[in-house]
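Below is one structure, written out as C-alpha cells; comments come after it.
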Amino acid sequence: EYYYDVVFHRLDWLEERLSHQRYLMGDTITDPDIRLYVTLARFDLVFYQKYFVNKKRLIDYPNLWNYTKDLYSIPAFGNNTDFDSMKKRFYYVDHTPFKDFPRLVPKGPDLSIWNEPNDRGRFKK
C-alpha cells in the first residue's frame, strides 16, 4: 500500500506540473521526458492491469495523457513503441511463471486513442 500511494502521489504531482508546461523541464524534450515516457506508455497496459496499480488510469490524468500522446506523435517515440511486444514478450507471456497455464493477454490497447488530437489547445501540434 505504501508504494501504491507513492506512485499515485507522484502521478498527481506530474499532472499538476504538466498543467503549466509542455515538457517536464519546460519547452524542450529532455532525458527525464524520455525516461518518463517509457513508464507512461506501459502504465494502462501493464501496471494498471497486471500489477494492480489501479487507482487511476493514465487516461484519467488529462495532462499526463496528452503529454504522453504528444510524445507518441513524435516518430522517435511512436515508431519505437511496440504495444504488442510489451504484451506478448515482456509482461504477459514470457514473464508468466506458469508455463503450462493458459496466458490471458489483453486485446488492447485501442491504438486509435493514441492518435487522437490533444485536449490541451496550446500543446496541439
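Taking the residues in region 1-16 that are in contact with a helix residue (DSSP H, G or I) (Cβ under 7 Å, 6 or more places away or on another chain) and of a type in the set (A, V, I, L, M, F, W, C) as candidates, determine which candidate is nearest to T39 (Cα to Cα). Talk me through it step by step, then tell me what you get.
Residues of region 1-16 that are in contact with a helix residue (DSSP H, G or I) (Cβ under 7 Å, 6 or more places away or on another chain), as a first pass: 11, 14-15.
Now narrow it down to the ones that are of a type in the set (A, V, I, L, M, F, W, C): 11, 14.
Working: L11: 11, L14: 13 Å.
Taking the candidates together, the pick is L11.
Take the residues in region 13-22 that are more than 14 Å from the chain's Cα centre (by Cα) and free of Cβ contacts under 8 Å to residues at least 60 places away in the same chain; name whichever of them is least open to solvent (accessible area, probe 1.4 Å). Walk me through how you get there before you give the answer.
Taking region 13-22 and keeping what is more than 14 Å from the chain's Cα centre (by Cα), we get 13, 16-22.
Okay, now just the ones that are also free of Cβ contacts under 8 Å to residues at least 60 places away in the same chain, so 13, 16-21.
Details: W13: 113, E16: 103, R17: 77, L18: 0, S19: 43, H20: 121, Q21: 45 Å².
Only one residue tops the list, namely L18.
Quick test of your reading of the structure: M86 fulfils all but one of (1) at pLDDT 60 or above; (2) part of a loop (DSSP other than H, G, I, E, B); (3) aliphatic (A, V, I, L, M). Name the failing condition by number.
It fails just one condition, (2).
Select from region 12-47 the residues that are part of a helix (DSSP H, G or I) and either of a type in the set (D, E) or more than 19 Å from W114 (Cα to Cα) (or both) and list them in ascending order.
Taking region 12-47 as the starting set, the residues that turn out to be part of a helix (DSSP H, G or I) are 12-17, 31-47.
Result: D12, W13, L14, E15, E16, R17, D31, P32, D33, D44.
With respect to Y3, determine if the residue is farther than 21 Å from L111 by Cα and either outside any helix (DSSP H, G or I) or at pLDDT 95 or above (or both). Give the steps one after another, and end with the answer.
Working: farther than 21 Å from L111 by Cα: yes; either outside any helix (DSSP H, G or I) or at pLDDT 95 or above (or both): no.
Here the answer is no, as Y3 does not meet what is asked.
The values are calculated or read from the model by the stated rules, or taken from the named source; none is laboratory data. If you're wondering where the values come from, they're calculated on a predicted model, not measured in any experiment. No Cβ is skipped: glycine too gets one built from the backbone with ideal geometry, and neighbour counts run over all protein chains shown. Surface accessibility is based on the protein's heavy atoms, side chains included, excluding ligands, DNA and RNA. Shrake-Rupley method; radii C 1.70, N 1.55, O 1.52, S 1.80 Å.
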